[in-house]
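Everything on this sheet refers to the single structure shown next.
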Amino acid sequence: MHLITKLFTLTVLSASLLGAQTVPAPQAGSADSRIEEVLSTISPDSIRSFDNTLAGFGTRHTTSDTTSNTRGIGAARRWIYSKFASFARNNRDFAVHEDRFVLSNVPLITRPTVLVNVYGILRGKEGVNGRYIVISGHYDSRCTDIMNDTSDAPGADDDGSGSSLAIEAARAFTAAHFQPDANIIFICFAGEEEGLYGSEHFAMEARKKNMNIIAELNNDIVGAIRGGNGVVESNMVRVFSQGYKEIKIGNREVNPEVIGYENDSPSRELARYIRAAGEKFLPTFHTTLIFRQDRFLRGGDHASFNKYGYAGVRFTEPNEDYHHQHQNVRVADEMVNGKEVKVQYGDLPRYVDSAYVARVCRMNSLTAALLSISPPAPTDDIMLVDKLEYGSRFRWDNPQRGKDIAGWKIYYRKSAQPEWAGYVFVNSSTDPVVNYDLTTMSKDDYIFGIAAVGTNGAESIPEAPLPGR
């Protein structure tokens, strides 16, 4: 069964129960084989090579040497640029860029410092004013003392693993000559350890330009399968997502708890989309959704995108080992279970499992590929609350007017359920505005999300329709 065909295997409530019309799934297009080619191109050996190279620069501290060709953050960023440039030579739709800016008068950086985000864009058919999907990691590193920019800080897992993933995803998409509709950005951020400065600058500039970023997939510490707790897990990744802080309905700010949407922010809907795609297409690799923006006492680059109103999530390995994060490379004698043993500290390549990183890379790439060929999400979608009634009524704009649209899915779940339970399919329409009535499902009892479905079977991220009149 092809990838896109399998997109239509969720449970559909019967027409007799809902008074809704069910329709056959659209025929799979050629996109499914191209996605399979991208996923099959992703290589653990390639990822291992990238990660070893990044760790080999000794330190990638934000204020480390920028002149050496073998050590420091300058050498690392030039190498990343060269890798992206090599992909561009083989794919005319791929372009390489630097987001370069000067940072000064900020905590933890004591002198004016040039920061450089290095990225490539696989240009989609929608052009520069179209949608964007971002796959990211950060390439800077640190040792125990965050101000120490000379000691070794190999940063193989934090975050050589995430940067290697972003580079490998770019290699796979360009090698497969995948042609998306939306644009896909593969980016390695700088200045994460001192305060998310690289991603903050990129997200801020994106918002100024009104870039339509529909998903930011951040990968930070995605390389180890053995945790400091002794647990080994190679077939699962955690996905962190932020809930709503506030919701605007017109000019009113509404507490999301009032309408039950605290778990239906764009980032949480993106997280559900990732999990659903993985369950269907990568069934041996599991996604655990964590409904928090990040771990306690920690932060990641997706938070910068959340700050500027973009949907963004963080991928992180299931069991971290703090001996191998933010530590000087050293061996220490310690008492473990009553015995003195030698304990290795430091973020070294030996603790990164490239096969695991490849699995996380496939999950990122699958999500990006599906989103990049999906139709745009419904716009101005609302759930009507203009009268007391037993069912639920919806309205959304239809700018596509049937172009490449098979229809829409109205997803549903009980208000206390974390994930979608099923959907009702609504046929495509040429009307400028679509109205739909679920007469037997009360808006008081259910949470809904509306996704556009393309004729190729790919679908947008569901959006929770806000109450309206």
Out of the stretch 327-364, which residues are over 30 Å from Ala215 (Cα atoms) and charged (D, E, K, R)?
Arg330, Asp333, Glu334, Lys339, Glu340, Lys342, Arg350
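Out of the residues in the stretch 376-385 meeting the condition of being touching a residue at least 60 places away in the same chain (Cβ under 8 Å) and within 25 Å of the chain's Cα centre (by Cα), tell me which one is farthest from Gly243 (Cα to Cα). Spell out how you get there, then give the answer.
Filtering the stretch 376-385 down to residues touching a residue at least 60 places away in the same chain (Cβ under 8 Å) leaves 376-378, 381-385.
If we keep only those that are within 25 Å of the chain's Cα centre (by Cα) as well, we get 376-378, 381.
Values: Pro376: 22, Ala377: 19, Pro378: 20, Asp381: 19 Å.
Per the criteria, the residue is Pro376.
What about Val254, is it of a type in the set (Val, Ile, Thr), surrounded by fewer than 20 Cβ atoms within 10 Å (Cβ to Cβ) and without any contact (Cβ under 8 Å) to a residue 24 or more places away in the chain? Talk me through it step by step, then tell me what you get.
Values: of a type in the set (Val, Ile, Thr): yes; surrounded by fewer than 20 Cβ atoms within 10 Å (Cβ to Cβ): yes; without any contact (Cβ under 8 Å) to a residue 24 or more places away in the chain: yes.
Yes; evaluated as a whole, the condition is true for this residue.
Being of a type outside the set (Asp, Glu), in contact (Cβ under 8 Å) with a residue 40 or more places away in the chain and surrounded by 15 or more Cβ atoms within 10 Å (Cβ to Cβ), is that true of even one residue in the stretch 341-348? Before you say what the answer is, go through the steps one by one.
Step one: filter the stretch 341-348 for residues of a type outside the set (Asp, Glu), giving 341-346, 348.
Filter once more, so that each one left must be in contact (Cβ under 8 Å) with a residue 40 or more places away in the chain: 346, 348.
Checking the rest, the ones that are also surrounded by 15 or more Cβ atoms within 10 Å (Cβ to Cβ) come to 346, 348.
Checked the stretch 341-348: at least one residue is of a type outside the set (Asp, Glu), in contact (Cβ under 8 Å) with a residue 40 or more places away in the chain and surrounded by 15 or more Cβ atoms within 10 Å (Cβ to Cβ).
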Can you report the number of residues in the stretch 62-100 which are surrounded by 14 or more Cβ atoms within 10 Å (Cβ to Cβ) and farther than 30 Å from His177 by Cβ?
10
Of the residues Gly130, Gly120, Gly56, which is in the same structural domain as Asp301 (by TED's automatic domain parsing) and touching a helix residue (DSSP H, G or I) at 6+ places or on another chain (Cβ under 6 Å)?
Gly120
Could you say whether any residue in the stretch 206-220 is closer than 19 Å to Glu463 by Cβ, buried (at least 21 other Cβ atoms within 10 Å of the Cβ) and acidic (Asp, Glu)?
yes
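Does Gly230 satisfy being in a loop (DSSP other than H, G, I, E, B), closer than 24 Å to Leu289 by Cα and out of contact with any helix residue (DSSP H, G or I) (no Cβ under 9 Å at 6 or more places or on another chain)?
Values: in a loop (DSSP other than H, G, I, E, B): yes; closer than 24 Å to Leu289 by Cα: yes; out of contact with any helix residue (DSSP H, G or I) (no Cβ under 9 Å at 6 or more places or on another chain): yes.
In short, yes.
With Tyr351, Tyr322, Tyr390, Tyr310 as the choices, which residue is assigned by TED's automatic domain parsing to the domain that holds Tyr436 and either touching an Asp or Glu at 6+ places or on another chain (Cβ under 6 Å) or not basic (Lys, Arg) (or both)?
On the way: Tyr351 fails: assigned by TED's automatic domain parsing to the domain that holds Tyr436; Tyr322 fails: assigned by TED's automatic domain parsing to the domain that holds Tyr436; Tyr310 fails: assigned by TED's automatic domain parsing to the domain that holds Tyr436.
Just a single option satisfies the conditions, and that option is Tyr390.
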Would you mind finding the one in Ser64, Ser68, Ser49, Ser33 that is in a helix (DSSP H, G or I), modelled with pLDDT of 95 or more and of a type in the set (Ser, Thr, Tyr)?
Ser49
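Would you say Gly127 is touching a Gly at 6+ places or on another chain (Cβ under 6 Å), modelled with pLDDT of 95 or more and either surrounded by fewer than 21 Cβ atoms within 10 Å (Cβ to Cβ) or small (Gly, Ala, Ser) (or both)? Steps first, please.
Numbers: touching a Gly at 6+ places or on another chain (Cβ under 6 Å): no; modelled with pLDDT of 95 or more: yes; either surrounded by fewer than 21 Cβ atoms within 10 Å (Cβ to Cβ) or small (Gly, Ala, Ser) (or both): yes.
Here the answer is no, as Gly127 does not meet what is asked.
Considering only the stretch 386-402, I want to know if a residue exists there that is at positive phi, loosely packed, with under 13 Cβ neighbours inside 10 Å, touching a residue at least 24 places away in the same chain (Cβ under 8 Å) and not in a strand (DSSP E or B). Steps first, please.
Step one: of the stretch 386-402, the residues at positive phi are 401-402.
Now restrict to residues that are loosely packed, with under 13 Cβ neighbours inside 10 Å: 401.
Still in the running and touching a residue at least 24 places away in the same chain (Cβ under 8 Å): 401.
Add one more test, that the residue is not in a strand (DSSP E or B), and what stays is 401.
Yes.
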So is Leu103 crowded, with 24+ Cβ neighbours inside 10 Å and either touching a helix residue (DSSP H, G or I) at 6+ places or on another chain (Cβ under 8 Å) or in contact (Cβ under 8 Å) with a residue 40 or more places away in the chain (or both) or not?
no
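If I ask for residues that are among the aliphatic types (A, V, I, L, M) and either farther than 16 Å from Ser442 by Cβ or assigned to a strand (DSSP E or B) (or both), which ones from the stretch 403-426 would you list?
Going residue by residue through the stretch 403-426, those that are among the aliphatic types (A, V, I, L, M) are 405-406, 410, 416, 421, 424, 426.
Within the stretch 403-426, Ile405, Ala406, Ile410, Val424, Val426 qualify.
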Within the stretch 145-199, the count of residues that are surrounded by fewer than 21 Cβ atoms within 10 Å (Cβ to Cβ) and assigned to a helix (DSSP H, G or I) comes to 1
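Mind listing just one residue for me: the one in the stretch 367-415 that is of a type in the set (Ser, Thr, Tyr) and at pLDDT below 95 and, of those, nearest to Ala172 (Cα to Cα)? Outline the logic, then answer.
Applying the first criterion (of a type in the set (Ser, Thr, Tyr)) to the stretch 367-415 yields 367, 372, 374, 379, 390, 392, 411-412, 415.
The next check asks that each one be at pLDDT below 95; those that pass are 379, 390, 415.
On the way: Thr379: 32, Tyr390: 50, Ser415: 40 Å.
Per the stated criteria, the residue is Thr379.
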Only one of these is closer than 21 Å to Arg268 by Cβ and surrounded by 18 or more Cβ atoms within 10 Å (Cβ to Cβ): Asp381, Asp445. Name it.
Asp381
In the stretch 312-359, which residues are closer than 20 Å to Ile146 by Cα and among the charged types (D, E, K, R)?
Glu320, Asp321, Arg330, Asp347
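The values are calculated or read from the model by the stated rules, or taken from the named source; none is laboratory data. Just so it is clear, the model here is predicted, and its values are computed rather than measured. FYI the Cβ positions are ideal-geometry reconstructions off the backbone, even for glycines, and counts take in every protein chain you see.
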